[in-house]
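Here's the structure, in structure tokens; my notes come after.
Derivation of every value follows stated rules applied to the coordinates shown; laboratory data play no part. Because the structure is a prediction, the values reported are computed rather than measured. Because the Cβ atoms are built from the backbone with ideal geometry, glycine has one as well, and the counts that use them run over all protein chains shown.
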Amino acid sequence: MVGRTRTVGAGRRVELIDPAVVGAALLGLSDLAARRLAAPAETPVGVVTAVCGAPLLLALLIRARRRGEIT
């Protein structure tokens, strides 16, 4: 149910917590990987986030297209 939101109703706030938690976890893990990847030098966290996040975004877009949610 990650990322699914209702357009109306009080349950909308609860459903918006999931994407926030997943996003925070992705950023935290990316930061950790950036620090450990080429120690003692640091890799920019934006590079690691893009490398991890881009395939995830593409997978979500492909899934939504197959379901007919986007055209």
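A few comments on the model shown:
- Mean projected area (nm²) of the alpha-carbon convex hull when segment 12-67 is viewed from all directions: 4.5 nm²
- For the pair Ala38 and Ile17 in one chain, pulling the backbone fully straight at 0.36 nm per residue adds 4.3 nm over the alpha carbon distance.
- Here segment 12-67 is assigned +1 on the Cβ of each Lys and Arg and -1 on the Cβ of each Asp and Glu. Its dipole about the Cα centre then comes out at about 380 debye.
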